[in-house]
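What follows is one structure encoded as C-alpha cells, with my remarks underneath.
The values are calculated or read from the model by the stated rules, or taken from the named source; none is laboratory data. These numbers were taken from a predicted model, which means no experiment stands behind them. Ideal geometry is used to build each Cβ from the backbone, glycine not excepted, and the neighbour counts take in all protein chains shown. These accessible areas exclude ligands, DNA and RNA; they are computed on the full protein's heavy atoms, side chains included. Shrake-Rupley method; radii C 1.70, N 1.55, O 1.52, S 1.80 Å.
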Amino acid sequence: KSSGKKTRSKKSNSILLWRGSWFRKGVKAIWIALLSGIIVFYVYILAVDHDFLNLFGGMPSTRSIENPENDLSSELISADGVSLGKYYRYASNRSQVTYDQLSADLVNTLLYSEDHRFYDHSGLDPVAFIRAIKGVVTGHSGVKGGGSTLSQQLAKNLFRTRGKELEGRLTHGGLFKTIVFKTKEWIIAVRLEQNFTKEEIIAMYLNTVSFGSSTFGIKVASETYFGKTPDQLNIPESSVLVGMLQGNNTFDPIANPKNALSKRNQVLAKLLDHEYIKNTEYDSLRQTPIPLKYRFQNQNVGLATYFRTVIQGDLMIWAKDHNLDLMESGLKIFTTLDSRMQRYAEDAVTESMRAQQKKFNDHWKGRNPWIDENKNEIKGYLDSQIKRTDAYSNLVKLYGKGDDSVRILLKLKKRMKVFTWKGERDTLFSSMDSLNYYKHFLNAGFMSMDPTTGAVRAWVGGINYKYFKFDHVRQSKRQPGSLFKAFVYGTAMEQDYPPCQKFQDISPTFKLAGNATWSPANAGGDRGSGEWFTLRQALAKSLNSITAQLLQKVGEQNVVSFAHRAGVSSKLDAVPSLCLGVSDCSLYELVGAYSTFVNAGNSTKPFYITRIEDKNGNVIQNFVPETKQGMNEQTAYKMLYMLMGGVEEIGGTSNAIPAELKSDNEIGGKTGTTNDASDGWYMGVTHNLVSGAWVGGDDRSIHYRNWTMGSGGETARPIWVAYMKRIYADKTLQYKKGVFKQPANGIDVTLRDCSKYNSPDPQLKDDKNWEDPNN
C-alpha cells in the first residue's frame, strides 16, 4: 500500500510538472504572440503612415493636418450685408462657423447621439471599436452605433481618406482596402486631437459634413432647412440635422418626411437616455411635427440670380490671376448691390411683366407672335429655331443629321415642369412643344445705378433665371431706338445748340450710296407736321424728323464720339440711321452713359465689386470705379434739362409718370422703341439714381403687331415706375427725392425762357430774330 501511494504520488507529481510546463509554455506563447502582434501592428501603422513601397497609398502631410484646408464656397455679399448667393462645386457649398457660433443644444445633441465619450478619448474610442466589431460578428452592426469617433469622421471628411487619390497597390478593393483606410483615419484622428482643442474639432466636424440638397456644413444646413443660423437651433431642430448625419438622403425631411421624423425621435430618445431632457419634454417634443422653413440654395433661386451668373466670369479671371479657386477658396466678395433695392427691382419686373404678358397674349389671341416686316407669320420658324437648341444637337450626335429618329424624338412628349406667371406647372411636353410655349413669352431687363459713385444697386436680367438663363442687362445687346437720341442732342448741346433752339417738324433727306435716299418718318408714320418745336420739345416728343435734322448738322461721327465718351462701349455705325438707334447696345452701358449727365459730365463705368476678402477676413483687393471726363459740366446739365422735358413738356413721352413720383422731385425720362416694336426701353433719371428697363421677346421676330402697344412707354416705363414707388416708400434708403445739381459757375444759357430763341439755326447770328442770351 505504501509503495502504491508513492507510485500515485509520483504520477500526480509528473502530471503537475507536465501541466506546469504546459502552462508556462502557453503563457510564454501568449506573451510572444501579444508582443509580436504589437510589433506587427506598430510596423503596420508605420508602413501605412509612410506608404511602404507604395503599398498603402499616400497620407496627408503633417503640415496639412496641422492646418487643414477645408474647401469653402465663395460668397457674394450685398452693400447692406446680406448674402446674395454663393459659388461652389457640388461638395463645396459650405460656410465656416466657430464653436461659439453653435448653440449648446446642437453641440450636446451631436455628442450624445454620435460620440458621448468624446471628451474622454484622444481620437480613438476602444469601447466603441469593440462594440462595432461585436456588431459585425453578430450581424447586428449599427444597432448601437459605429466605432468611429467624431475625430475619425472629421479625418475622413477633411482628407477624403477613401478617395482614389490615396489608394496604393494593395488598396484597390476588398476588406483589406477598408482596413487600410480605417487605419489612416485612426492616425489622422490622433494627430488632429494633438493639434486642436475638442471645441475646435466639433466646429470643424460640423463645417465639413453633408446634409443633402447640395448643402455642406451646419451653417448652410440650418439656413436651408430652418432659415436660422446655427446658434439659434433648438433641440428638435438639432435632432433633425444630427439625425441626417446617419443618411442625409434617407432622413431628408423634404424627400422622406416620415423617415426624418422617426430618426429625429430616435435622437431625442438618446437625449432622454443621457438625461439631457426629461420624460415630459421628450413626450412633448416627439409629438410635434418638424417645423421646416426650407429654402433650397442653388443658382436658380435667391436674389440677383442673373447678376451672380454674369459676373462669375469676371471673378473666375480675377481668381485665376491670384492663383485662387473661386469655387473652393471661401472668398467673401462684397458688392455694391443693395438687397432691398434688388428685391424692389425684382418685384417691379415681376409685377409689370405679369400684366404685360397677359396684354401680349390677349393682343395675339392665340396667334403666333413671330412675324416678318410685313406682319406675316414667319413660316417654318419653330423648325429653324429648334436646330439652335441643345436637345436637337444631342439627338443629332446620337442619330446623325436628317435621321427620322431626330424628328420623332423631338416630338415625343415627356413629363416636365414649365414656367407660368402663376407658378411652376407639371405638364406633358415634347421638345417642340416646349420651344413653342416659351417663344410666346416676353422678357425684360432692369438695372439701377448710383450716378455719382457708379455703384450698381439693382440688376435683373430676366423674368425667371431658372427658365430663362440669358441676361438682358449686360449679355444682351439690342437696338436702343429713340433711347439713343439723347446722344444726338447731347452732341448738339456740346456744339452750343441751346435747348430752346427751334426746328421745324419736317423730315430731312439723306443721300445714301448710289442714288438712294432716306427720309425718316415719325412714330406715327408721317414725314412731319411742319410745326416749330424747341429742341427740348422735340426730344420730349421723340420726333424722328428733328433728331435727323440735328444729326445732319452736328455730324454722324461726332455723335459716335460723344456717345463713346459718355459711356457707350459698343461699336456704333456712323450712318444716317444712327439717330434712330439702330446700332446694338446693352442696357448696362446705356444706364452708365445716361449717368454721365447726372455726374457733371464724368463718365463712370458701372461698378459692382468693392472688395474681396479671403476666408480669414483678410482683404485681398479693394476696387475703385473707372472714371473719365465724358463732357463738360455745362453740356451735362443742359442734357438733364432736356431729359426733364419728357416729364414736363406737353406731349412728352414721360408725362404719364404718376404725380406721387414727380411731386417735389426733378425727373428726366426717355423712352425708346425700335421700328417694329420688338424692343421697348425706358430710362429714368433723378439726382441720385439712374435706372433703365428693356422689354421684348428673346428673339427679335417676336413683338406686338402695332408700334404703340410695343412702345417703351407702354412696356418698359411701368417697370421703372413700380421700382421708384418702392424706393421712395422705403425710408431706410438713402435715395430720396431732390433736384439736379447745377454747374458751380451757373448755367451758360437761359433754359426756361425760350422766347428769346426764334432763329431756326443758332449759326445764323445775324438773323434779326436772334437774341444772344448772354447780351
Inset, instruction - Please work out the average accessible area per residue across the range 609-666, using the 1.4 Å probe convention, and give it in Å². - result: 48
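Sorted by accessible area (1.4 Å probe), largest first, how do Val396, Val301, Val559 line up?
Working: Val396 40, Val301 60, Val559 0 Å².
In descending accessible area the options line up as Val301, Val396, Val559.
Taking N as the number of residues in the range 502-567, what is its Cα Rg relative to 2.2 N^0.38 Å?
Values: Rg = 12.8 Å, N = 66, 2.2 N^0.38 = 10.8 Å.
The value comes to 1.18.
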Inset, instruction - Quick one: which residues, 5 or more positions from Thr610 or on another chain, have an amide H under 5 Å from its amide H? H modelled 1.01 Å from N in the peptide plane, none for Pro or chain starts. - result: Phe334, Thr335, Thr336
Legend entry - With every protein chain in place, the range 244-365: carbon and sulfur % of accessible area (1.4 Å): 50
Inset, instruction - Run the 1.4 Å probe and let me know the accessible area of Glu589, rounded to the nearest 10 Å². - result: 10
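Using a probe of 1.4 angstrom, how much of the accessible area of the range 638-702 is carbon and sulfur, in percent? Mind showing how you got there, number by number?
Values: 780 of 1670 Å².
About 46 percent, which is the carbon plus sulfur part of the accessible surface.
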Inset, instruction - Give, as a single signed number, the net charge of other residues whose beta carbon lies under 9 Å from the beta carbon of Ala348, with Lys and Arg counted +1 and Asp and Glu -1. - result: -1
Inset, instruction - Give me the accessible area of Glu531, 1.4 Å probe, in Å² rounded to the nearest 10. - result: 100
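So if I take the alpha carbon set of the range 609-660, get Rg, then get Rh from the Kirkwood formula, what is the Rg over Rh ratio? Don't skip to the end; give the middle numbers.
Numbers: Rg = 20.6 Å, Rh = 15.2 Å.
Ratio of gyration radius to Kirkwood radius: 1.36.
Greater than 25 Å separation of Cα atoms is the criterion. Which listed pairs, Lys219/Lys731; Lys320/Lys615; Lys28/Lys184; Lys485/Lys736; Lys359/Lys413, meet it? Could you put the intermediate results ahead of the total?
Details: Lys219/Lys731 32 Å; Lys320/Lys615 16 Å; Lys28/Lys184 32 Å; Lys485/Lys736 28 Å; Lys359/Lys413 29 Å.
Too far apart for the 25 Å limit: Lys219/Lys731; Lys28/Lys184; Lys485/Lys736; Lys359/Lys413.
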